[in-house]
Amino acid sequence: MSGTETTMLNALPHPVIMVDDRGTIVSANDAAQAFFQASATMLARYPLKHFIPFGSPLLPLIEQVLERGASVNEYRVDIGTPRNGGERVVDIYAAPVSDMPGAVVLMLQERTMADKMDRQLTHRGAARSVTGLAAMLAHEIKNPLSGIRGAAQLLEQSADDDDRALTRLITEEADRIVKLVDRMEVFSDERPIERDPVNIHAVLEHVKRLAQSGFARHIRMVEEYDPSLPPVYANRDQLIQVFLNLVKNAAEALADTPDAEIVLTTAFRPGVRLSVPGTRDRVSLPLEFCVRDNGPGVPEDLYPYLFDPFITTKTNGTGLGLALVAKIIGDHGGVIECDSQPRRTIFRILMPAFNEKSVDA
């Protein structure tokens, strides 16, 4: 490795190591030496298995990379040992080295998808709290509101013009609150999702037509699709709801952007796997669907709470849209994440593909 390449690797904040065909660490950047709390010389004396827990999925992952001859990503892997400070949950990005048969490069990245999965569980917990609140509101608020609305309509019949405006205001506000409660009641729907193999491109095309005929009429929409994508095992109507919400949010964020653009992308990522919380199982989420915009980005103080209920920057917003999106994707066994910076905000959804076992599950 040249001096320039070494300097470049050492500049990376993430641990990067190269393992040869004997499982020995032959190269490690500065971040890797700090991560494993050992010098490059010490790391080279022992095989990789000496520095990771017994039975770690990292070793089978390396074998998978060599068998496939392609890169593989695996999320939320604990490779912590007493030697490197206990629990260390990382995302692993592994790739073969083309000019060194049997060699594999590994990059370990802490606090990425693992954190996103933790946030996803938090979102589900928050959604459950909204579930209880919705059930209470339906009983304690909707019933009295119907009485208030009926009384206002009766008063309107005998009111003069000035008072009639007030009775209409009462009626309209009662209707608005009922609509809010109705939206929250979606969270309390625990019935099994009716799912079928769904063509995601047909869903996105439908969403695009709706958007361009209304709220995104003056925004350029671009499609970057993988035409060979297999079906997703999902509820079509709920997917439309998800993407309509994401595209509408993007359009609203682009209100003051002169060259406003929304990009819809689909891709197949066969190497994307993550753990099922509470078990040792790992599931494959190879279908990636993204909504990208070139707006100003998500405010930094809002970013950690983006999918929590009642979080919004909109003047008249309820803050339930993204919370509902997170619930729907979570109910489908998928993950939603957001990467945001000025001029490039991406909402990325990872979901399982349809297969015959999906129907039996």
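Read the figures in this text as sums done on the coordinates, not as results from a lab. All of these numbers come straight from a predicted model, not from anything done at the bench.
Could you list which residues have their amide H under 5 Å from that of S27, counting only those 5 or more apart in sequence or on another chain, with H placed in the peptide plane?
Counting only residues 5 or more places away or on other chains, the set is M18.
Amide H to amide H, which residues 5 or more places from R88 or on other chains are under 5 Å from it, using H placed in the peptide plane?
HN-HN under 5 Å from R88: I79, G80.
Alpha carbon centre of the range 142-170 versus the range 209-276: separation in Å?
That distance is 42 Å.
With θ set to phi - 60° and the Karplus curve 6.51 cos²θ - 1.76 cosθ + 1.60, what are the ³J(HN,Hα) couplings of the range 19-35 in order, to the nearest whole Hz, using x for Gly and Pro?
With the stated coefficients, the range 19-35 comes to 10, 8, 5, 9, x, 8, 7, 9, 7, 8, 7, 4, 5, 5, 5, 5, 4 Hz.
Under the definition of Cα pairs under 8 Å and six or more residues apart, what whole-number percent is the relative contact order of the range 1-67? Walk me through the numbers before you get to the answer.
Working: 63 pairs, mean separation 15.7, N = 67.
For the range 1-67, the relative contact order is 23 percent.
According to the square roots a ≥ b ≥ c of the eigenvalues of the Cα gyration tensor, what is the shape class of the range 3-111, taking rounded for a/c under 1.5, prolate for a/b larger than b/c otherwise, and oblate for the remainder? All intermediate terms of the calculation are to be shown ahead of the outcome.
On the way: a/c = 1.34, a/b = 1.06, b/c = 1.26.
Rounded shape, in that the Cα axes give a/c under 1.5.
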